[in-house]
Amino acid sequence: MHTFDLTLDRITKVEGSAALEVRVKEGQVEEVHFSVTDYKRFYTQAMQGKNVMSIPQLLARICGTCSNAHLLCSIEACERALGITPSPQTLLLRTLTMYGLMIRDHALHLYLFSMPDIFGKDAFLDFDENDPIQHQLLHDAFEIKAAGNFLSMLVAGRSVHAPYPVIGGFSHLPEEAGIKEAVAKLEAARPAVLRLIKVYEEAPFHLDRQTNFMALIPERYGFLNGRICDNEGGLIEEENFREHLEHVVLPYSQASAYKHKGKAYMVGALARMNLAKDKLHPKTKETLGRTLDLFPSTDIYRNSLAQAVEILHSLDDAVEILSTQEFSPEPVIKGTPREAVGIGVVEAPRGTLYHQVHLHPDGNVENGEIVVPTGQNQINIEEDIHRLVQNLLPNTPKEKIAFEIEKLIRAYDPCMSCAAHFLKVNWIEE
Amino acid sequence: MAKNLPPKIRVGWFSFSCCEDNTIVMTEVMNDHWQEWKQLFDFRYARVLQSKNVLDEMDIAFVEGAIASEKQAQFLKEIRAHAKKLVAIGACAVVGMPSAQRNFFNENQKRQIDFLLARFAALPKVLKVSEVVPVDVEVGGCPMDPQDFLTKVNALVQELRGGQS
């Protein structure tokens, strides 16, 4: 029977470092271990004993790319512990902060990480400027990223570890000139986003496997509010989230893994689109029409298309908010330390993110817990790789299998904060 | 006949224990400089940008993150051996923090993490880059400041080209 032993020691174009071990016995995949190998930096221990006001900026440092999602999730957890209800204006500014993050972060994944696979290139910068399509995509990528980056800087002060969002409000408001410039940049980038959606709608990669999905579903498509839903119609109350996420220890991984109702599940753009596409911005829905019929989908490669659609939604809604809302100075709301547990839940680019903080009456944090999207996706990734490798055996060369595994992992856009340095695939055949 | 262009500057971008915020800032700086960088840099190693990476002679090695294991320290030494100039990028590389926060844990916090340090063969203390290899240039910040990064990179490019841009 088919036997081989292969080590792939680098995965690239993802965020963080990961390893993979695949055990094949007599032509059957017996075991897949996908593990996050980034060294732990122990933020849940580091927050113990620190003053609550310092926690959001500390926890933003968990991840460079999802930084502003961690920041807003932690702010929400701390505000709930302190009994603070943010103002409607603050919620709008946070919504815009998330839109800036989604635009630039999804664009990074779709152009720089995933698109070279579609065009048979090693790197996005290898795209040929003399080829009209590749030339256009090169310019599109940096135009979209720059528009998202500009929006983040305008509203939050920075794309990474943003200084303006604080517990109780914002320390700085966007200026009129900047708002106009942001609207102009976002509107100018819209045709590029439509070309991006077309690329991923027509992308030739597919892996269809029935699995479960979970996401925070708001009234209107977004990333901050709503109820946690699964694809079986189940609703999870935020305060009970830990009862629904079953912690699974994978001794080979630095990350915690999770199941829901005893089964693997997927979080991220595909989960959100599957569960809430009807809540997208009206202009987004009108423009995309039948493209949205591709959802719900159990094809993991549609995660990239879902991200591209989310860029368009973020752009359309950001333009509407910036064009119709006025921002006026208001005080940052102060809370009173007390014995309380606060829970924050947001949809980070890669899926549902949970922060829990246990506050002491002296204003210091007793302890806390953080559940990140890539940890939740870890077992689902393993199950997808299992299916992929089994489908490819026995006639596919090992090098091709290794490439296909990397491509699949990139479709999840995992963040091992984050991962990226090494994916080591150890093939063990008996 | 067209004038010969100067050879590209051979660079590597390496991330150790950190949140990779500087990698993200670098990709944002690229929004305005990608065309120039395509002409200027030969990326020998930058796993965030490409799949084919080689560790060979480099003019500049950019290193972000702190050093959390002996394996990381050995790799950093290899990088140093191949690089004319080594630039420490961001707070974790320059001062160790916040990745080195476990160095300052109290006994209770240490007890919570000891088994994980042992399981993954982590160093007893997290190190800043200059505690492992000599550093030529530092770009601090959490994340790094884009303008500071550009100024120092441009100065290095000038120096490596003997004052010729």
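Since every read-out is calculated from the coordinates, none of them should be taken as a lab result. These figures come from a predicted structure and were not determined experimentally. With ideal geometry, Cβ positions are generated from the backbone for all residues, glycine too; neighbour counts draw on all protein chains shown.
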Antiparallel %, DSSP beta bridges [both residues in the protein assembly as shown], to 5: 60 percent
Net dipole in debye of the stretch B:9-159 [+1 Lys, Arg Cβ; -1 Asp, Glu Cβ; about Cα centre; nearest 20]: 620 debye
Chain A: angle of helix A:176-201 to the longest principal axis, Cα-based, in degrees nearest 10: 20 degrees
Dipole-positive endmost among B:PRO98, B:PHE16, B:PHE120 within the stretch B:9-159 (Cβ charges, Cα centre): B:PHE120
Over the stretch A:310-370, volume per residue of the alpha carbon convex hull, in Å³: 104 Å³
Kirkwood Rh in Å, taken over the stretch A:206-338 so that all alpha-carbon pairs contribute: 17.1 Å
All lysines inside 20 Å of A:LYS400 as judged from Cα atoms, apart from same-chain residues fewer than 8 positions distant: A:LYS13, A:LYS25, A:LYS121, A:LYS424, B:LYS52
Chain A: calculated mean residue ellipticity at 222 nm from DSSP helix runs of at least 4, using -39500 (n - 2.57): -13500 deg cm²/dmol
Long-range tail of P(r) for the stretch A:276-426 (Cα pairs > 27 Å, %): 49 percent
Spatial separation of Cα centroids for the stretch A:216-252 and the stretch A:57-102, in angstrom: 18 Å
3J(HN,Hα) from dihedral phi, the stretch B:139-147, Karplus parametrisation 6.51/-1.76/1.60, rounded to Hz, x for glycine, proline: 10, x, x, 9, x, 4, 7, x, 5
Semi-axis lengths, Å, the stretch A:115-199, gyration tensor of Cα atoms, sqrt of 5 times eigenvalues: 32, 15, 9
Over the stretch B:9-159 - Rg/Rh using Cα atoms and the Kirkwood inverse-distance radius: 1.00
A:ILE300 long-range amide H proximity, modeled H, under 5 Å: A:LEU207, A:ARG209
Helical mean residue ellipticity (222 nm; -39500 (n - 2.57) per DSSP H run of 4+; nearest 500) of chain B: -12500 deg cm²/dmol
Rounded to 10°, Cα long-axis angle of helix A:373-392 versus longest principal axis of chain A: 20 degrees
For the protein assembly as shown, alpha-carbon Rg relative to the globular expectation (2.2 N^0.38 Å, N residues): 0.92
Tensor-based shape of the stretch A:73-151 (alpha-carbon gyration tensor, a/c under 1.5 rounded, otherwise prolate or oblate): prolate
Size of charge dipole - chain A - debye, nearest 20, with Cβ of Lys, Arg +1 and Asp, Glu -1, no other charges: 460 debye
